[in-house]
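**Student:** Could you have a look at this structure, given as structure tokens, before my questions?
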Amino acid sequence: MNEQKLIDTAKMLVASNKGLLAMDESNPTCNKRFAKLGIPQTEEYRRAYRELIVTTPCLGEFISGAILYDETIRQQKKDGTPFLQVLTDTGIILGIKVDKGAKAMAGHPNETITEGLDGLRDRLQEYAQMGARFAKWRAVLTIGDDLPSRGCIEANAQTLARYAALCQEAGLVPIVEPEVLIEGVHTQSQCGEVTAAVLQIVFQQLYTQRVLLEGIILKPNMVLSGLSCPQQASVEEVAAATVQCLLRTVPSAVSGIAFLSGGQSSELASARLNAMNLRVKAQAPWALTFSFGRAIQQPALELWHGKESNVLAAQQALLHQAKCNAAARQGEYKAAMETGS
Ligand code: 13P
């Protein structure tokens with residue numbers, strides 16, 4: 001294992017003002033988002049949408065790495081240029097989602113275990129040969145009555161750690177994503193307790209599986225009130241609780257933390273990331289940045305609506321969200337940026 005190469009890649013992914021763009025929705029998830037907007041759910045529309053994203057001018061100023069899906073990593077622009085080449089030419093590092101999705105977990109009603117370890121070593125080798133330098137695996141935890149269970153947390157944590165070890169063996173930096181879902185009536189403090197418990201077990205497992213912590217990126221949820229909780233935490237409360245939770249659970253050897261957006265609006269995701277960076281610039285040992293999917297893409301997807309004539313406007317919206325988040329990771333985001341003032 002080339003440790004230095006892993007550390008260098010991890011550091012590049014969280015360098016300066018940049019963050020990650022998650023554009024790795026599986027086909028069913030991408031189709032679901034298209035269906036909501038009446039966009040045809042075909043391979044060609046998915047390709048055209050991903051072409052819009054990867055050809056957005058100046059994206060590399062704010063985005064260090066892009067996470068692709070298996071279909072997308074093999075696709076090309078209409079003129080035949082592989083997406084891989086387009087991204088590499090803009091200085092964006094290639095990443096790939098390698099899990100096979102969260103599936104119902106036996107003996108654990110309403111909980112999931114993420115699958116995809118079988119054959120992973122071979123798949124990682126293929127992706128590395130194609131030019132990928134990092135990978136992503138998402139585990140999903142739900143807060144509810146007596147949930148998440150210890151069995152679900154432990155199984156997902158061990159799976160994440162085994163994935164991470166295989167990635168590092170193949171020379172890829174693993175993004176370790178244990179997502180505690182935003183859906184539910186839970187309070188912010190319940191989210192904080194569950195997130196801390198999950199992260200503690202994830203890091204125990206990473207240690208047990210001999211994962212090099214300097215060569216990973218952690219992709220956690222922020223500590224939020226459940227979407228249906230009547231009492232919603234303020235931006236400052238989210239920043240404080242999230243940073244406190246991470247300081248208690250994440251070893252300082254970890255190179256960087258890149259949050260998922262998890263269904264927050266673009267504005268709130270930026271404002272909360274900004275508040276964290278304002279609060280902790282001095283005390284946090286790791287970079288605190290973004291690895292957003294919906295919070296970067298959603299406005300662009302809505303503007304595009306599947307129409308060629310909307311591509312430029314959609315690209316401007318995508319770049320705008322990337323720029324807002326780059327500002328937020330430096331504590332320089334202002335709500336006025338949303339109105340262009
Ligand atoms: P969201 O930011 O839309 O949650 O997507 C991030 C991601 O990669 C989920 O796995």
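The values are calculated or read from the model by the stated rules, or taken from the named source; none is laboratory data. This is a predicted model, so every value here is computed, not measured. For neighbour counting, all protein chains shown are included, and Cβ atoms are generated from backbone atoms with ideal geometry for every residue, glycine included. Surface accessibility is based on the protein's heavy atoms, side chains included, excluding ligands, DNA and RNA. Shrake-Rupley method; radii C 1.70, N 1.55, O 1.52, S 1.80 Å.
**Student:** Could you tell me the calculated FRET efficiency between CYS58 and SER265, based on Cβ-Cβ distance and R0 = 35 angstrom, to the nearest 0.05?
**Tutor:** Working from the Cβ atoms, E equals 0.90.
**Student:** In addition: What spacing in nm lies between the two simple spin-label points modelled at MET1 and SER309, each 7 Å away from Cα in the Cβ direction?
**Tutor:** Result for the modelled spin labels: 5.5 nm.
**Student:** Once fully extended, how much extra length lies between VAL185 and LYS77, figured as 0.36 nm per residue of separation less the alpha-carbon to alpha-carbon distance?
**Tutor:** 34.5 nm
**Student:** Around VAL180, which amide H atoms from residues at least 5 apart in sequence, or from another chain, sit under 5 Å from its own amide H, with H modelled in the peptide plane?
**Tutor:** Amide H neighbours of VAL180: LEU141, ASN221.
**Student:** Now for a separate question. Between region 176-199 and region 1-73, how far is it from one alpha carbon centroid to the other, in angstrom?
**Tutor:** Between the Cα centres of region 176-199 and region 1-73 lies a distance of 25 Å.
**Student:** Counting only C-alpha contacts under 8 Å and six or more residues apart, can you give the relative contact order of the chain as a whole percent?
**Tutor:** Answer for the chain is 18 percent.
**Student:** Fully extended, how many nm does the chain gain between ARG210 and ASP118 (0.36 nm per residue separation, minus their Cα-Cα distance)?
**Tutor:** 31.2 nm
**Student:** Report, in listed order, any pair from LYS97/LYS323; LYS103/LYS219; LYS32/LYS136; LYS103/LYS281; LYS5/LYS32 with a Cα-Cα distance greater than 32 Å.
**Tutor:** LYS103/LYS281; LYS5/LYS32
**Student:** Quantify, in whole percent, the carbon and sulfur part of the accessible surface of the chain (1.4 Å probe; protein heavy atoms only).
**Tutor:** 50 percent
**Student:** Still on this model: Tell me, in nm to one decimal, what length is gained between GLN125 and THR339 on full extension, where the rule is 0.36 nm per residue of separation less the Cα-Cα distance?
**Tutor:** 72.6 nm
**Student:** What number, in percent, do you get for the relative contact order of region 273-341 if the mean sequence gap of Cα pairs under 8 Å and at least 6 apart is divided by its residue count?
**Tutor:** Relative contact order, region 273-341: 44 percent.
**Student:** How much accessible area per residue does the chain have, in Å², with a 1.4 Å probe?
**Tutor:** 42 Å²
**Student:** Right, here's the next one. Classify region 1-145: rounded, prolate or oblate, from the alpha-carbon gyration tensor (a ≥ b ≥ c, eigenvalue square roots; a/c under 1.5 rounded; otherwise prolate if a/b is larger than b/c)?
**Tutor:** Here region 1-145 falls in the oblate category.
**Student:** Another question about this same structure. So for the chain, taking the charge dipole from beta-carbon charges (+1 Lys/Arg, -1 Asp/Glu), which of ALA240, ALA106, SER189 sits furthest toward the positive end?
**Tutor:** Of the listed residues, the answer is ALA240.
**Student:** Using a 10 Å cut-off on Cβ atoms, rank the peptides 32-38, 299-305 from the highest mean neighbour count down.
**Tutor:** Ranked by mean Cβ neighbours within 10 Å, highest first: 299-305, 32-38.
**Student:** While we're on this one: What whole number of Å gives the distance from the Cα centroid of region 277-338 to the Cα centroid of region 81-105?
**Tutor:** Centre-to-centre distance over Cα atoms comes out at 19 Å.
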